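Written below as structure tokens is the structure these notes are about.
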Amino acid sequence: MIEAVLSTFQFRGWAFLVHLAALTQVIGYLIRDQLLLRIMLFAGTLLYIAYYRLYPETPLWDAILWGSALACANFFMIIQLIRDRTCFRMSSDEERLYSLFNQVRPGDFRRLMKIASFREAEGATVLTRQGDRPEELYFIIDGGIQLDKDGRQFSYDAQTFIGEVSMVTSRAASATVAVQPGGRYVAWNRDRLERLIARQPSLKLALDLLVTRDMATKIQRA
């Protein structure tokens, strides 16, 4: 029985490529990791293309054409997955900020940075005013922070969000906050940020975790 089954498979010449290609892709489908899965499928597709070109007396050009299209699409997605997992091509400011945003994947962080603006306060700069809806979400990287709430003044250290309470609750700012001269901070347009996280569930989850942790730290300081 086994000999009868094996006899149906042809391993002479280039015929072994089709079996190797199928085996490669079967192994790929058993892998949960998306990057490794796509690499195995890409390798299997290349083997199929080689088989279509080398084994038949007349190359199967239609199959080669569509196999090449599938390989190109898969290769593009492999590059995207690698970018999502690595920190290549980040500026020094972005690398420093990423070290503080350790809950965000590199790919999601890059998307976040595309709509971000790095700024430096030349003088005392008011970021939010109590009773007004902030148009931006801020993260203070360096510099002193002065908070005024109902006539009471507080000082905060850097490396904290400003305007996150208003964003979470969809209400006006609960305090007037200013960053001191020389302070460096990042700003995101609130509407653009909300549209971005609506399209990226993983980014929303990571950002919610960062904001929640930041709010908990502020409560402990109060």
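Quick note: the coordinates plus some simple rules give every number you see, no bench work behind them. Source: prediction; values computed, not measured. Cβ coordinates were reconstructed from backbone atoms using ideal geometry, including for glycine residues, and neighbour counts include every protein chain displayed.
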Q: Taking the Cα centre of the chain as origin, sum charge times position over the Cβ atoms of Lys and Arg (+1) and Asp and Glu (-1), and report the length of that vector in debye to the nearest 20.
A: 160 debye
Q: Take the Cβ-Cβ distance between Ala158 and Thr212 as r, set R0 to 22 Å, and report the resulting FRET efficiency rounded to the nearest 0.05.
A: 0.70
Q. Can you list the lysines whose alpha carbon sits under 19 Å from that of Lys149, skipping same-chain ones fewer than 8 residues off?
A. Lys218
Q: Apply 1/(1 + (r/R0)^6) to the Cβ-Cβ distance of Arg96 and Ile219, taking R0 = 35 Å, and write down the FRET efficiency to the nearest 0.05.
A: 0.85
**Q.** Inter-label distance, nm, simple model (7 Å from Cα along the C-beta direction), Thr169/Trp14
**A.** 7.0 nm
Q. Excluding same-chain residues fewer than 8 positions from Lys204, which lysines have a Cα within less than 18 Å of its Cα?
A. Lys114
Q: Determine the dipole magnitude for the range 76-155: charges of +1 sit on the beta-carbon of Lys and Arg, -1 on that of Asp and Glu, nothing else is charged, the reference point is the Cα centre, and the result goes in debye to the nearest 20.
A: 420 debye
Q: Could you sort 77-86, 46-55 so that the peptide with the highest average Cβ count within 10 Å comes first and the rest follow in order?
A: 46-55, 77-86
Q.
Report the gain in length on full extension from Arg195 to Asp142: 0.36 nm times residue separation, minus Cα-Cα distance, nm rounded to one decimal.
A. 16.3 nm
Q: May I ask you to list the GluC sites (Glu not before Pro) in the range 10-95 that are in a DSSP loop and have at most 11 other Cβ atoms within 10 Å of their Cβ?
A: Glu57
Q) Nearest 0.05, what FRET efficiency do Ser68 and Leu36 give at R0 = 25 Å with Cβ-Cβ as r? A) 0.70
Q | Angle between the chain longest axis and helix 201-221 axis [Cα atoms, degrees, rounded to 10] | A | 30 degrees
Q: State to the nearest 20 debye the size of the charge dipole of the range 106-201 about its Cα centre, where the only charges are +1 on K and R beta carbons and -1 on D and E beta carbons.
A: 400 debye
Q: Let me have the 222 nm mean residue ellipticity of the chain computed from DSSP H runs of 4+ only, each contributing -39500 (n - 2.57), with the sum over all residues rounded to the nearest 500.
A: -17500 deg cm²/dmol
Q) For log10 I(q)/I(0) by the Debye sum over Cα atoms at q = 0.08, 0.16 Å⁻¹, the listed values are [x] -0.49, -1.06; [y] -0.38, -1.12; [z] -0.27, -1.10; which was obtained by calculation from the structure presented? A) [x]
Q. Of Ile79, Gln34, Phe109, which is farthest on the positive side of the dipole of the range 34-114, counting Cα position, with +1 on Lys and Arg Cβ, -1 on Asp and Glu Cβ, and the Cα centre as origin?
A. Phe109
